[in-house]
Amino acid sequence: MAINLKKGSQFNLTKENTSLDKIMVGLGWDMHLIKTIDLDASVFMVGPDGKLPADEFFIFFNNLKSPDGSVEHTGDNRTGKGDGDDEMILANLSSISEEVTELIFVVSIHNAEILHQHFGMLENAYIRIVDIDTQREILKYKLESKNFKGVTDMEFGRLVKRGNDWTFHASGNGTKIGLQGYVDQYA
């Protein structure tokens, strides 16, 4: 049975399952007040200094694979229509570069200001982690959309490496800095 997390909580993925290696990070949402919103999932693979080791460690719709081959974005879903995960990130934990100690999962609304769109227009937004080998959902974190009116981008969560352990931190931190603001922060 999957662990359901709340904002600010954390869960050690590898403590009980030391053989866990290949995971799928699924991000999903439903529309509330509008038919389509183009959300873009991104991953910032940062080192101990909180910065990208190189630009190629920023994984998004124009750079789908990390230079070490350990993290792959499966592609941009521009409508969010359909059931299940709207965007997916695949990660092979044992192959992640030694330079990287954190994976930061961010979702931003494409052209949010121009289209006057925000996270308050979404329902059932979540991030989940699935063990690829067993297809078992390990954890899920559902965001409460009522708190996100005016928010145009969101840090859903972080995977943090300490020694050989990977721990997921449920963030749910909304901002209005846009994707470029995150790039400026971590580059």
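The values are calculated or read from the model by the stated rules, or taken from the named source; none is laboratory data. Source: prediction; values computed, not measured. Cβ placement follows ideal geometry from the backbone for every residue including glycine, while neighbour counts extend to all protein chains displayed. Heavy atoms of the whole protein, side chains included, go into the accessibility calculation; ligands, DNA and RNA do not. Shrake-Rupley method; radii C 1.70, N 1.55, O 1.52, S 1.80 Å.
Here's the yes/no breakdown for (1) touching a residue at least 60 places away in the same chain (Cβ under 8 Å); (2) among the acidic types (Asp, Glu); (3) surrounded by fewer than 16 Cβ atoms within 10 Å (Cβ to Cβ):
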| position | (1), (2), (3) |
| --- | --- |
| ILE89 | yes, no, no |
| LEU93 | yes, no, no |
| LEU103 | yes, no, no |
| ASN111 | yes, no, yes |
| GLU123 | yes, yes, yes |
| LEU139 | yes, no, no |
| ASN147 | no, no, yes |
| PHE156 | yes, no, no |
| PHE168 | yes, no, no |
So which of ASP76, ASP55 is of a type in the set (Asp, Glu), open to solvent by 30 Å² or more (accessible area, probe 1.4 Å) and at pLDDT 95 or above?
ASP55
Exactly one of LYS140, LYS161 is over 15 Å from the mean Cα position of the chain (by Cα) and basic (Lys, Arg), and that residue is LYS161
